[in-house]
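Comments concern the structure below.
The values are calculated or read from the model by the stated rules, or taken from the named source; none is laboratory data. Computed from a prediction, not measured in an experiment: that's the story for all the values here. Because the Cβ atoms are built from the backbone with ideal geometry, glycine has one as well, and the counts that use them run over all protein chains shown. SASA here: full protein model, heavy atoms, side chains in, ligands and nucleic acids out. Shrake-Rupley method; radii C 1.70, N 1.55, O 1.52, S 1.80 Å.
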Amino acid sequence: MWGDDGDTGRRDGARRGPDPGGERRPRQRLRRGAARARAVRAVPARGEAAGGAPGARAARAHGETLYELERALHIDVELPLNEWLAGQSVLRTLANYEYAITYVASALALLVWLFRRHPERYRTARTAFVLLNVIALACFALYPVMPPRLMPDLGFLDTVRLGGTWGSWGSPLVEHADRFAALPSLHMAWTLWVGVELARVNAHRSVQALNTVHIIVTGYVIMATANHFLVDAVAAVPLVAVSVYAAERFARPSAERVRAPDAFFLAVETERAPQHTGGVIMLDTSADPVHRADLIRLVAERMDRLPRFRQRPDGAGRWRRPVWRDQAALDWDWHVAERHVTGMDGLREVIARVQAEPFPRDRPLWRIILVHGAEPGRTAVVFLMHHVVADGVGVVAQATALMEPPQDPAPAGPPRAASAPRSPPRSAPPSASASSPPTSPRPPGCPPPAPPNAASAPCTCRSTWSATSRAGTASG
């Protein structure tokens with residue numbers, strides 16, 4: 001019945017032949033998903049005889065307990081609702097069919113819709129749906145409850161028997177269904193689950209509003225038809241919450257674990273022996289000063305190419321390596337700081353101070369300090385990273401990826417018009433008036449690109465890094 005490895009699947013495969021791409025067809029996956037839903041719902045149909053008389057007595061006792069609890073809390077609304085609906089022949093029949101059909105139709109329609117329109121959400125929703133039913137089956141087995149309609153001595157009327165509704169619960173068509181599968185109410189659970197998934201994909205408000213009406217109507221029907229107590233409906237809320245939460249946890253990709261050689265530096269780090277390394281970049285700011293806000297903007301723009309700038313090691317144990325976790329928000333005041341010094345001695349003092357301080361572990365393990373006043377017309381950038389992220393050479397690569405100016409594309413000539421004369425011979429020099437490409441953003445401290453006919457001046461932030469980093473790189 002599950003459709004993955006059963007005889008039906010094998011017969012289909014033999015008839016259609018192997019799939020050249022080795023991939024399942026979408027329709028096959030959709031049919032198998034529907035088969036899972038039908039199979040899960042059909043499990044309770046194990047026959048009343050399987051429980052025997054002792055099972056019926058236990059279910060009766062549990063039902064009376066729930067009813068007495070509701071009476072003590074003054075929330076026993078089932079009996080007046082049932083008495084009123086029993087006298088309304090048309091509404092009674094509609095309620096019986098609503099109880100039998102709409103919750104199944106809405107759940108299956110949602111699965112099909114998610115499969116076609118939101119495939120990225122379909123697997124997680126399907127997992128939550130299966131978990132919901134599996135947990136409910138466990139509750140039915142551990143705590144069977146006799147529904148009110150099977151306790152006429154308490155004044156309840158079986159609206160299905162009274163109206164002779166075909167195909168509804170309690171009718172001869174489903175006579176062998178487990179009649180004590182009442183707590184929690186799967187009718188409420190399925191409709192609530194549909195509402196949660198619609199909200200997850202941000203469905204149209206009219207669709208969510210229609211489902212809200214469906215939830216309210218279903219809640220009324222399950223009690224007015226004497227199929228459930230109010231407690232059964234309330235118990236569906238935590239059932240859906242636990243199922244959706246568990247499905248989200250299962251669907252969440254496993255975090256990347258810190259490599260063993262890198263985790264070594266976290267293990268040996270102490271207050272007196274910090275394990276971070278770094279270098280110094282000298283920027284020519286004689287014409288264009290650089291401020292802290294410029295560096296913050298640059299880091300934020302290039303964060304996508306530097307994943308460790310937004311991750312921190314988390315969950316380390318004595319025998320367990322930590323994993324990389326995304327940081328929700330960066331502490332920019334700590335990650336990008338600004339200092340004013342007098343001369344190179346002041347710069348060395350700043351470097352010595354930050355190099356001696358271990359990085360806190362509650363944030364990404366990198367730091368940039370903008371130092372003004374080390375040399376006239378120059379600004380120093382002290383770049384620090386923990387050894388768990390990069391070694392000395394790795395720091396150079398990270399800093400290069402951050403500070404390297406974008407490569408300008410090769411100049412291209414103007415587009416040739418349709419009526420323009422033929423191009424000059426290949427040996428002719430290109431026109432000096434050819435349009436140059438638009439300038440691209442550059443890191444702070446780098447001069448603008450030179451004109452085409454002028455000699456290009458090297459970018460200070462690029463030319464000084466290799467020499468300065470070899471002299472200034474130090475590890476704890």
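Structure summary
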quantity	calculated
Phi-based couplings in Hz for segment 185-196 (Karplus 6.51, -1.76, 1.60; Gly and Pro marked x)	6, 5, 4, 5, 5, 5, 5, 5, 4, 4, x, 5
Electrostatic dipole magnitude of segment 304-375 [Cβ: Lys, Arg +1; Asp, Glu -1; Cα centre; debye, to 20]	600
Extended-chain gain in nm, criterion 0.36 nm per residue less alpha-carbon gap, T270 and A401	44.2 nm
Volume per residue that the Cα convex hull of segment 111-163 spans, once the total is divided by residue count, Å³	113
Rg ratio (alpha-carbon, reference 2.2 N^0.38 Å) - segment 69-220	1.14
Overall dimensions of segment 201-318 as given by Cα atoms, namely Rg and Dmax in Å	27.5, 84
Spherically averaged projected area in nm², based on the convex hull that wraps the Cα atoms of segment 81-127	4.3
Spherically averaged projected area in nm², based on the convex hull that wraps the Cα atoms of segment 306-400	7.0
Largest-first ellipsoid semi-axes for segment 251-380, taking √(5λ) over the Cα gyration tensor eigenvalues, angstrom	31, 19, 10
In Hz, Karplus ³J(HN,Hα) per residue of segment 283-293 (6.51, -1.76, 1.60; θ = phi - 60°; x = Gly, Pro)	9, 7, 10, 5, 9, 9, x, 10, 10, 4, 4
Amide hydrogen neighbours beyond the local backbone of T285, cut-off 5 Å, H modeled	R378, T379
5 angstrom amide H check on H276, placed H, neighbours 5+ away	H387, G476
Rounded to the nearest 10 Å², the accessible area of L283 at probe 1.4 Å	0
Rg and Dmax of segment 295-350, Cα atoms only, in Å	16.1, 48
Cα gyration tensor category, rounded, prolate or oblate, for segment 342-384 with a/c compared to 1.5	oblate
Potential lengthening between R318 and V90 on full extension [0.36 nm per residue; Cα-Cα distance subtracted]	75.2 nm
Estimated FRET transfer efficiency (A255, R60; beta-carbon r; R0 41 Å; 0.05)	0.25
